[in-house]
Structures are given as C-alpha cells and as structure tokens.
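Inspection log for the structure reproduced underneath, given as structure tokens.
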Amino acid sequence: MPELPEVETVKRTLNQLVKGKEIDHVTVNLARIIQRPDDIDQFAFMLAGQTIQGVERRGKFLRILLDDLVLVSHLRMEGRYGVYDSSEPVEKHTHVIFHFKDGTELRYKDVRQFGTMHLFQPGEELNMPPLSKLGLEPLDADFTVEKFQAALAGKTTKIKAVLLNQAYVVGIGNIYVDESLFRAGIHPEQLTNTLTDEQFQALHQAVVATLSESVEVGGSSIKSYVNGQGEMGMFQHQLKIYGRQNQPCQSCGTLIEKSVVGGRGTHFCPVCQSIKP
C-alpha cells in the first residue's frame, strides 16, 4: 500500500503533470470507486468544465483542488494515476478517466479495486469522512515532539500498533513504522505508556527523518508502487530493518527477527531494540 512518502511523491508528480488542465468529461468504468456522490453520472457532471488548480495531500489521501470542488482520492493497495495521450490504448483495470480539453487524460488504474474517490465543496472535505478523523501530519512544520507525545499519551497498547493508527499520526505505514522504531532504538512491542521523554524525542526525530529521506528519493517500491510518471521509488535500497529478517543488523550484527504486531509483519533487532522495563 502506498504510504505517506509514496502519496507525497504522487502529489508532487501530479502537480507537474495536470495542474492547470481543464476537464472536458469523465468516464467511470467501475462505479464503486466513486463514494461521493453515489451517482456516477452526477459525479461526472459536476467535474465537467472544472480546472485542476493543484494537488495536496492529507495523510495517505490526495486532495485534488478544482475551481469550486475538491476531489479526495485514496489509492488503497494498488491504485495508480497516470497521464496519457487520448490516442493511447486504455489498459486493463483502468476505472476512472479524466479527459482533458488538451487531448490528454488522467487515468486511474487499480487492479485490486479498493481505491476510493469523494467529491466535496471546498473546506467541507476536512470536516467529513474520510478526512475528518485523521491525526497529526508528521511532515508539517508544527509537528512538534510535544504534540506527538500528547497525541499518544496514556495509550496502553504496543507502540507499533499506535503508530499505525491514523487517528493519532497519519501516513506512517508498516514499512516506515519498522524503520522509525529501529532508528529510535525502540522495540515495536514496547507499551506506549512506558516510553520515556527521551524515547519520545528519539522516536519523533526518527519518524520525521525516515519519512523525509524517503520523500527525497520518491518513496519505496516494495511491491508495485510507481509515481504518476511510471517511475519507481528508491527508498527500498536504504531500508535498515524492514524485510531483512534473518539478516545481520547493520548496527550490531545480531540477526534481525520478524514477528506480528497489530496484525502486521514486524521486523526488529532484539539487541538494538530491547524492551525497556
């Protein structure tokens, strides 16, 4: 699933490729992708004549800003956007096509068919599902260690499970939780309410650094992620813990272990990330 760095990369790429383009009409080939409104003809009618003013991100969601509408899009497991000339063949699993007046098209392809699109009036989207219950943005300038610690205060569950919960901090998916916890020297099963101030400081720094470094290289292409130009991210070549079970830890040489936390495969070094009492 694309996580924050991958969605941020898609956002930046789409701003380069489709900003300023006017929609002539929209084709919807799979109705369930469109969650709001629940009528695909109304969805297409509302978008006709709209110009894309820019693309922003909230957590793992894209916010496509139009003249007087906002399209909220979630890529889910394998959703992808690509820009094509209208003369190019439409690939299988292409579910939504935004036809622009300049003869190009923005196509949404989703093999797993889990992606969603919601259409709102500007500002409305931030106060309604799916965006209304999202937590702190870890790459925002006001993401301080104090706000981070306050958001997680009193949680008695394992720190990895808390970090995966988008209601507290958004966008840190499985890969980046494992990498951040390793960088901070915190065991993924450490109970959140037992973390010290120093551990919160280290984890805050680790989250910001890990996500920022991944954004710089276009995210991770662990499975099938590519950006809006068909290019792969490169952060998978910098991973220190994720996917490296039974390989030596780069810090101490101990074999990396894998367990399950919060229903997700979890990688950690038993020496560098021992559970603190």
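Please treat every number below as a calculation from the coordinates, not as lab data. These figures come from a predicted structure and were not determined experimentally. Here the Cβ is made from the backbone with ideal geometry for all residues, glycine too, and neighbour counts use every protein chain on show.
Quick check on the exposure proxy: order ILE186, ILE23 from fewest to most C-beta atoms within 10 angstrom.
Taking fewest neighbouring Cβ atoms as first place, the list is ILE23, ILE186.
Please give, to one decimal in nm, the separation of the simple spin-label points placed at ALA31 and LYS133, each 7 Å out from Cα toward the Cβ.
2.7 nm
With +1 on each Lys and Arg Cβ and -1 on each Asp and Glu Cβ, how big is the dipole of the stretch 1-105 about its Cα centre, in debye rounded to the nearest 20?
440 debye
How long is the stretch 4-127 along each principal axis, judged by its Cα atoms, biggest number first, in Å?
Dimensions of the stretch 4-127 along the principal axes of its Cα atoms: 39, 30, 30 Å.
Tell me, what is a quarter of the convex hull surface for the C-alpha atoms of the chain, in nm² with one decimal?
14.7 nm²
Suppose each label sits 7 Å from its Cα in the direction of the beta carbon; what would the LEU69-GLN245 distance come out to in nanometres?
4.5 nm
Run the Debye formula on the Cα coordinates of the stretch 30-88, all scatterers equal and no solvent, and tell me log10 I(q)/I(0) at q = 0.23, 0.26 1/Å.
With one equal scatterer per Cα and no solvent, log10 I(q)/I(0) is -1.22, -1.34.
Out of all DSSP beta bridges in the stretch 4-127, what portion is antiparallel? Express it as a percent rounded to 5.
If I count the DSSP bridges inside the stretch 4-127, around 95 percent turn out antiparallel.
How many nm separate the modelled label positions at THR51 and LEU126, each set 7 Å beyond the Cα in the direction of the Cβ?
2.4 nm
So if I take the centroid of the Cα atoms in the stretch 161-179 and the same for the stretch 83-148, what is the distance between those two points in Å?
Between the Cα centres of the stretch 161-179 and the stretch 83-148 lies a distance of 20 Å.
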